[in-house]
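Accompanying notes for the structure given below.
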There are 2 protein chains.
Amino acid sequence: MAATVTIASGATWQEVAADRQKYRDATLAAIKPSIPDIPSPSLNTISIAKDILTKEEIKITESKVEELAPQLAQGELSAVTVVEAFLRRAALAQKLTNCITELLPSRALERAKYLDDYLKTNGKPVGPLHGIPISVKEHIGMKDLDNNAGFIGWVGNIAPQDAYILQIFWNAGAVFHARTTQPQTLMHLETSSNLYGSVERNQERLYRLTDRRVTTNPYNSLLTSGGSSGGEGALVGFKGSCLGIGTDIGGSIRSPAANCGVYGMKPTALRLPVLGLLGPAGGQEQIVATIGPLSTSLEGCKLFIKTLLDAKPWLKEPTLMPFPWKQEDFFKGKKLKVGVLWDDEVVKPHPPVTRALKQMVDKLKSTGNVEIVEWKPYKHDLAWEIIANLYFCDGGKEESDLIDVSGEPWRPLSKHILKSRHVETHTIPSMYKATIKRDAYRVEYAEHWNSTATSAGPNGELEGAVDVILSPAGPGVAPKIDTAKWWGYLSQWNVLNYPALIFPVDKVDVVKDGGTQSHSPRNETDKENWELWQKYGAEGYKDAPISLQLVGRGFEDEKVIQAFEIIQKETGVPFV
Amino acid sequence: MAATVTIASGATWQEVAADRQKYRDATLAAIKPSIPDIPSPSLNTISIAKDILTKEEIKITESKVEELAPQLAQGELSAVTVVEAFLRRAALAQKLTNCITELLPSRALERAKYLDDYLKTNGKPVGPLHGIPISVKEHIGMKDLDNNAGFIGWVGNIAPQDAYILQIFWNAGAVFHARTTQPQTLMHLETSSNLYGSVERNQERLYRLTDRRVTTNPYNSLLTSGGSSGGEGALVGFKGSCLGIGTDIGGSIRSPAANCGVYGMKPTALRLPVLGLLGPAGGQEQIVATIGPLSTSLEGCKLFIKTLLDAKPWLKEPTLMPFPWKQEDFFKGKKLKVGVLWDDEVVKPHPPVTRALKQMVDKLKSTGNVEIVEWKPYKHDLAWEIIANLYFCDGGKEESDLIDVSGEPWRPLSKHILKSRHVETHTIPSMYKATIKRDAYRVEYAEHWNSTATSAGPNGELEGAVDVILSPAGPGVAPKIDTAKWWGYLSQWNVLNYPALIFPVDKVDVVKDGGTQSHSPRNETDKENWELWQKYGAEGYKDAPISLQLVGRGFEDEKVIQAFEIIQKETGVPFV
């Protein structure tokens, strides 16, 4: 429902935020049986689910998409039962991590009933997502509901219809059960806003010294869930959703997926539909945002992408490239060749990341079925300069105005990105120049990749070239609140528009990751990042998931997925 | 070779132009046997070739790519013999139409000799274009040669290497024999510049009342060859080349192809390589230029596109979309459905165009093998506003400065486009807004196309939708000099990024196209266009080729070609 308490109606930003939280809480209160108060605070909240939910609810919500889908399609599980379980777990997730902007119990249950009836009447499911609950990042418009993209000034904006992606998922049988948090400006790798309030009081005590207006990590309440799809990260990480929709222009799907130990994919931009999303900088096409899945399983991510492509979205959204889902077997009679990026040479990753990467590489080397080579980073510092500059060609004016119009305070990471030294107020000629610089970098990076070929034919054959890059997903695991400042490990692949898959590997272990390491700082960002590790150590990041990233060339999304399937088979990842 | 007489060296624009013409003439003088003076002026220059060239030269130059290629590959024709014939005919074309910026006899002959030796030694051709002479629009960089894009101020700029497209064609066995003219700014649908001088004196007399610094139509010297790839149009139209490279951002391949009665294709942008082209507005990506073929045959166009795609150019030029050449049979067990666009409802086409279109439609209807429906134009006036605005987001400053730096006079059509009322000096926010408007139009046009479906499934199926649009290629045939002002029939498909194929149908006939027709003008442009026909009538456009255009949806290039093959088979087009 549209908000009536808005800046336009004369309310203060605090009143708007309070009203939105009241609205959200009412949607939570509608969940039956209601979720009791949490008896005592926990740093790692994951196990709390078992104390609160029924065994059946636990079983359902801990099932993966590929386990639920056939049971729902055959009527072994009813869509109502499934969505009720996920609604309860999502309500609990909100209490623990502050990841929800609203739950959708009445819509979801009505839909689920329809699906159950449909199956009974027709003896077949509506489509491949029949009865699968899907959670949705707030700025993806949902008919008749508020659509504010994290700006208090935009509260009161009503989506006239469902975003195109939701229409496709709806036609495929999905149930939308939850809308999730995002940060102010959508441009943080955390989820900190003035809108979405805080978690339950008991849980709050744990991190009373930090700002409360954030979404926290279900594995460690003192860490961020990541962002900007941080509500999705926390919710899927807590298993309040098995499949969620996020968006990514610099890491916004991958940071929360990595921080919360779930699968997440940033597909190549211009493949999946983004019509009907609300955000600033519409018309900016220097760096193109993409939409994609967060899921408790790789199969969930695959089904998400395939369902969308099977609907031929390019026929309605002509900006998209008409690539169907590729069925081709990319590694038939061919050994997978992986380039390993240990360090981007700008910001050195914290020890747990390097340990997990080494674990992976050692396993892969031991089987001998995958070829491993080093991947030398090519000017990743320049890549960051280019993208940080092109995000806000107007010098960030639109975003700044959108914050200022309501008088809401600037969140620290909004300042970090909008007031970065790389941002400038472009004229058209200077923007053209910056675009040329981007294209030149893309050509150079392509040459860099081509140079890994062992032979190059006259007709573009690149025999023996690296297939995918195995890379950190960040300069550390889930960061402490307001410290997620280095985007490079993620935004690198947005500059280049390469697809990238996040997968869980391990978790921070106070024994394995203990001890000290010295490192001579390369620059301010590197210094700051390393000092965080020096200050907090493994204990400070306890239980945080360690995830890695697999990257392919533009539009090789399916190849990246297949490469990961080989890697998973060879290594048995995740290791916990 | 690089020019030494340049603005930077202190020369006047007239001196620079004179030096470039002298340089060009020297390359023509190197052609042996030399081309004699033309005995008497001709309006239609086509038949002059038979008076000047040998029978063998005529036979070779009137062969199509698909006839030459196998003979060259099997050594039945030597590459040297072939290129010598085309060089002579190209030299003659220059005398008659002023279409050449320089011939390349020494490079071309050296290359041809190499190819002949290669074939002798290896018993196989270098590649699919072995020995095929290719002509190249001047702004496509050629190593160590001047590269000025039609601006006197840019004379002296040397290309550091061959444009990427030339590298691929080189690897496929091509011979580059001629570089061709383009207009000042590259943004005319004619070819009028201060650089490339005029044609031979005898021929000049014919059109002494018009400006001489233009490339003229080989079929009627008082008409334009079109532009901006007008040198290619005239040269291929005169058969001084069987395959040429043009570029198109608003009709620049298609206008010359249509005006000169040859095949020409604007492929979907972002498929074929454009690295190494010189032009203003680099970094402008609101409307993307494309490169493509002009050829005396459809097969020539196909071979051009297929050869480029087979080289997987996206691996080196990552802006390109990795679509290989599609082998699929698009009309297997399916009737081709053609939408006929008679009139864009902005500017009514002259009678010969409508007659040719009617001829086509009548033939197609008579066989019954192709389904014909009317295609209603959807806001083509708005489309023009959008594209004319987005071409020059800086208000045309870069182009204007590039003209003014040398003091060269503004050509009339440079003023027409750069001083159009749709041009504005954008800020970043206003440009974002204009981009959003473009995208909204694209979505609406896609819906318009989708609405032709007879049934629409839930998963994007569009059963019974129109496959291709059959459309005029302009509001008339080849225009009188400096009157090509309405781009809409061509630029329409650039706004939408749809592929479009030009093919010859008929020619203006003073009997069939005589008589008068009344028409109430819809707007100034329509009035001006219709008055031209009232003033000159069929006699004024005598012998001008009439061409039409076949258009498909984005990235359906191969489908457009296959649809044309069906149409050609059904109708027997061209009719002359």
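Straight-line cross-link partners of A:Lys316 among the aspartates and glutamates, defined as a Cα under 13 Å from its Cα and at least 8 positions apart when in the same chain: B:Asp439, B:Glu444, B:Glu447, B:Glu461. Does the range B:337-571 come out rounded, prolate or oblate by the C-alpha gyration tensor, with a ≥ b ≥ c the root eigenvalues, rounded set by a/c under 1.5 and, if not, prolate when a/b is larger than b/c and oblate if not? Since a/c reaches 1.5 but b/c is at least a/b, the shape of the range B:337-571 is classed as oblate.
Contact order normalised by length for chain B, with contacts defined as Cα pairs under 8 Å and 6 or more residues apart; what percent is it? Present the calculation step by step, with values, prior to reporting the outcome.
Working: 1310 pairs, mean separation 87.5, N = 576.
Result for chain B is 15 percent.
For the range B:306-394, a simple Cβ point-charge model (Lys and Arg +1, Asp and Glu -1, everything else neutral) yields a dipole of about 560 debye relative to the Cα centre. Under the combined filter of DSSP loop state and at most 15 neighbouring Cβ atoms within 10 Å, the range A:374-476 retains these trypsin sites (Lys or Arg not before Pro): A:Lys419, A:Arg421.
Before rounding to the nearest 500, sum -39500 (n - 2.57) across all DSSP H runs of length at least 4 in chain B and divide by the residue total; then give [θ] at 222 nm in deg cm²/dmol. Helix-only estimate at 222 nm: -12000 deg cm²/dmol. If the segment from B:Lys335 to B:Gln74 were pulled out straight at 0.36 nm per residue, it would be longer than the present Cα-Cα gap by 90.1 nm.
Toward the positive end of the charge dipole of the range B:7-101, with +1 on the Cβ of Lys and Arg and -1 on the Cβ of Asp and Glu, the farthest Cα among B:Cys99, B:Ala17, B:Ser34 is that of B:Ala17. Summing +1 for each Lys or Arg and -1 for each Asp or Glu among the other residues whose beta-carbon sits under 12 angstrom from that of A:Ile372 gives 0.
Charging the Cβ of each Asp and Glu at -1 and of each Lys and Arg at +1, and nothing else, the dipole of the range B:47-164 about its Cα centre rounds to 100 debye. Plainly put, the tip 7 Å out from Cα toward Cβ on B:Trp325 is 3.0 nm from that tip on each other copy, the closest given first. Put simply, the amide H of A:Ile372, placed in the peptide plane, has neighbours under 5 Å in A:Val338, leaving out anything fewer than 5 places away on its chain.
What does the C-alpha gyration tensor say about the overall shape of chain A? Classify as rounded when a/c is under 1.5, otherwise prolate if a/b is larger than b/c, or oblate.
Values: a/c = 1.31, a/b = 1.20, b/c = 1.10.
In terms of gyration-tensor shape, rounded.
Positive contributions from Lys and Arg (+1) and negative ones from Asp and Glu (-1), summed over other residues with Cβ under 13 Å from the Cβ of B:Arg438, come out at -1. 3J(HN,Hα) along the range B:31-42: 6, 10, x, 6, 8, x, 4, 7, x, 8, x, 10 Hz, from the Karplus curve 6.51 cos²θ - 1.76 cosθ + 1.60 with θ = phi - 60°, whole Hz, x for Gly and Pro. Within the shell defined by Cβ-Cβ distances under 11 Å, the residues around A:Glu524 carry a net charge of +1, with Lys and Arg each +1 and Asp and Glu each -1. Label-point distances for A:Asp37 to the equivalent site in the other copies, using a point 7 angstrom along Cα→C-beta, read 10.9 nm when ranked shortest first. Beta bridges assigned by DSSP with both partners in the range B:13-315 are antiparallel in approximately 70 percent of cases. One chain, two ends: B:Ala26 and B:Lys569. Fully extended at 0.36 nm per residue, the span grows by 191.0 nm beyond their Cα-Cα distance.
Residue of chain B with the smallest Cβ distance to the axis mapping B onto A, distance rounded to whole Å: B:Met321, 3. Only Lys, Arg, Asp and Glu carry charge here, each on its Cβ (+1 for the first two, -1 for the last two); on that basis chain B has a dipole of about 580 debye about its Cα centre.
When the range A:337-571 is described by a simple charge dipole with +1 on each Lys and Arg Cβ and -1 on each Asp and Glu Cβ, the residue from A:Ile386, A:Ile481, A:Trp449 located farthest towards its positive end is A:Ile481. Accessible area per residue for the protein assembly as shown, computed on protein heavy atoms with a 1.4 Å probe, is 35 Å².
Across identical copies of the chain, B:Lys376 has label-point separations of 6.1 nm, listed in ascending order, with the point defined 7 angstrom from Cα along Cα→Cβ. Zone of B:Thr454 (label point 7 Å along Cα→Cβ, backbone N under 20 Å): which residues in the range B:353-396? Backbone N within reach: B:364-376.
With the charge dipole of the protein assembly as shown set up from +1 on Lys and Arg Cβ and -1 on Asp and Glu Cβ about the Cα centre, the Cα lying farthest toward the positive end among the listed residues A:Gly156, A:Ala311, B:Leu496 is that of A:Ala311. Pairs from the table (B:Lys433/B:Lys485; A:Lys55/A:Lys569; A:Lys306/B:Lys334; A:Lys326/B:Lys433) lying more than 28 angstrom apart at Cα are A:Lys55/A:Lys569; A:Lys326/B:Lys433.
Here the protein assembly as shown carries DSSP beta bridges of which approximately 70% are antiparallel, counting only pairs with both residues inside.
The values are calculated or read from the model by the stated rules, or taken from the named source; none is laboratory data. Small disclaimer: the values here were computed from a predicted structure and weren't measured. We place every Cβ from the backbone using ideal geometry, glycine too, and count neighbours over all the protein chains shown. Calculation scope for accessible area: heavy atoms of the full protein, side chains included, ligands and nucleic acids excluded. Shrake-Rupley method; radii C 1.70, N 1.55, O 1.52, S 1.80 Å.
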